[in-house]
Amino acid sequence: MKKLIKFLTSKIKYIILIYAFIQLVLILTVKTNYKSDALYYYKLAQECIEQNEFYPARQHLYEDYIVAPLYINVLIIMLKIFNSTIMISLNNLVIIIMQIMFLYKITKRIFSEYIASLTILLFILYLNTIGLLLQNYTELFFLLLITASIYFHLLNKNVYLILSGIFLGGAIAVRPAGWALLLAFISIQIYTSTKNKKILFNYFHVYSGTLIFFILFGGFTFLHFGKFEFTSTTGSVNLLLGANDDATGGFNSTVLEKGKAGYIENPDTLTYIQKGEFYHDQAVNWITKNPTKWLSLAPLKVFHSFGWDDVSLSSLLGYNDTNFLRVTRILFSERDFDNALPNSNLTNKALYFSILMISHFYYYLLIFAFALGIYNIFKKKLNTDVTSLILLFSLFATLMISITVGTPRYKYPMFILLLPFAAAYLEMKLGFGKQSIERN
């Protein structure tokens, strides 16, 4: 095993090329089938193209919320050039390759070249990324912006720090989880400034870059929509999804049905702002009356995100209307193999379970390596501002999940950013190369 890993990491450039080629083949041969959020994003982009507007268009004033405005506008531009889902998948391929580049550079600077290569190998072996390639979710683009922000912060020059802030602003314009990185920056600045008894002004360059993005993108939205919006307004509805009588910790939209707390009789008569206020009031009212139950849901939300890992593999294997957790529940409760995976032969069932079980074994192995890698860094006092930034971002983003609602897809950005810690632990156990860590 050691020899195999050493060989693979030494050939990582060729493995990346093969990885990219396999993805290109999948893009050209596998038919995309969007569902859930992926389908909604695509619908919003097509509506804007039909109206010759950017997102949000005037007709979206009465939607339930504004969602991922930067991502939707990128979709609009791409689909105007080539109106095909292939264009979206090709863009995802470019994003994945850029993500590999940033992840390698970050890991090399804070650990070593060998650990960087091992990190990329772990990334490539994580099959859910290939599944996301053929989808239209925000995770890949969001992670790229977060990683770019961290990388340019590492370079620690004024112009790069401003760029770091701009990429951070872009991440927030894609998903509210981007606020977790801003909070991580602020926390490190406060801690380090207090420790050194002097204010670290370089962080203000990051904040100025973020503010510049907010002003420019918010102003752009105001010009065509009449509202100054630079990020999603989904916080209120997500808060309600995790704070109601039917909440389970995972995604459950029962609360929005007729007779439930989140039901709106005539939704077309209310703007997204009015709906957001309604959802917020309903959620806060429930939390006030049920504080203990709401707190007890927090670990369940985290479990729904990290406890299992079918982010996109079921869709990649052609099972668009199910996931591994649902299949497993049916199998154990009904003990019926056919009901668990209907309309498929025995060979396909065996293939599905084999791939998903191997994938989950690999996932849990990495989770274990994350924990030991992080423990090892603190034990040996190797923690730096950069490792703290990644860990604090992961912590704050997880706390955001515990407040709102959990689903496996939400943890993808944190999971990928923690890969260097798993690689560092594996390198220590395997004994290859010389582990180092850059002090910042």
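Taking 0.36 nm per residue of separation and subtracting the Cα-Cα distance, what length does fully extending Thr384 through Thr194 add?
Answer, rounded to one decimal: 66.8 nm.
Neighbouring Cβ atoms within 10 Å as the yardstick, rank Asp309, Asp246, Asp321 fewest first.
Lowest to highest Cβ neighbour count: Asp321, Asp246, Asp309.
Can you give the FRET efficiency to the nearest 0.05 for Arg335 and Ile5, using r as the Cβ-Cβ distance and R₀ = 60 Å?
0.95
Once you've got the Cα coordinates, tell me which of Lys157/Lys379; Lys105/Lys381; Lys80/Lys411; Lys157/Lys197; Lys11/Lys349 are over 28 Å apart.
As for pairs spanning more than 28 Å Cα to Cα, those are Lys157/Lys379; Lys80/Lys411; Lys11/Lys349.
Would you kindly derive the ³J(HN,Hα) couplings of region 363-377 from the backbone phi angles with the Karplus curve 6.51 cos²θ - 1.76 cosθ + 1.60 (θ = phi - 60°), listing them in order in whole Hz, with x for Gly and Pro?
4, 5, 4, 5, 4, 4, 5, 3, 4, 5, x, 5, 4, 5, 5
In nm, to one decimal, how far is the Gln51 label point from the Leu39 one, both placed 7 Å along Cα→Cβ?
2.2
Just to be sure I follow: if Rg is taken over the C-alpha atoms of region 2-430 and Rh is the Kirkwood radius over the same atoms, what is Rg/Rh?
Here Rg/Rh amounts to 0.96.
Hey, if you put +1 on the Cβ of every Lys and Arg and -1 on every Asp and Glu Cβ in region 2-430, which of Ala68, Trp179, Leu419 ends up farthest toward the positive end of that dipole?
Leu419
For region 210-225 and region 237-306, compute the distance between their C-alpha centroids and round to whole Å.
29
Could you tally the net charge around Tyr126, taking each other residue with its Cβ under 15 Å from the Cβ of Tyr126, Lys/Arg +1 and Asp/Glu -1?
-1
Just to be sure I understand: with springs between alpha-carbon atoms less than 10 Å apart, which residue in Phe220, Phe393, Phe230 has the highest mean-square fluctuation in the Gaussian network model of the chain?
Answer for the Gaussian network model of the chain: Phe220.
Rank Tyr191, Ser236, Phe214 by how far each Cα sits towards the positive end of the charge dipole of the chain (+1 on Lys, Arg Cβ; -1 on Asp, Glu Cβ) and give me just the farthest.
Tyr191
How big is the gap, in Å, between the Cα center of region 1-50 and the Cα center of region 139-193?
One Cα centre to the other: 25 Å.
What list do you get for Tyr375, Tyr362, Tyr207, Tyr114 if you sort them by fewest beta carbons within 10 Å?
Numbers: Tyr375 12, Tyr362 15, Tyr207 18, Tyr114 23.
Lowest count first: Tyr375, Tyr362, Tyr207, Tyr114.
Highest first, please rank the peptides 5-16, 132-143, 55-66, 163-174 by the mean number of other Cβ atoms sitting within 10 Å of their residues.
Sorting 5-16, 132-143, 55-66, 163-174 by mean packing, highest first, produces 163-174, 132-143, 55-66, 5-16.
If you place +1 on the Cβ of every Lys and Arg and -1 on the Cβ of every Asp and Glu, how big does the dipole about the Cα centre of region 2-430 come out, in debye to the nearest 20?
1960
What is the chain's relative contact order, in percent, from Cα pairs under 8 angstrom and six or more apart in sequence?
21
Using Cβ counts within 10 Å as a stand-in for footprinting exposure, how do Ser149, Ser354, Ser305 rank, fewest first?
Ser354, Ser305, Ser149
Coordinate-derived values only; no laboratory data. For clarity, every value in this text was computed on a predicted model and none was experimentally measured. Cβ coordinates were reconstructed from backbone atoms using ideal geometry, including for glycine residues, and neighbour counts include every protein chain displayed.
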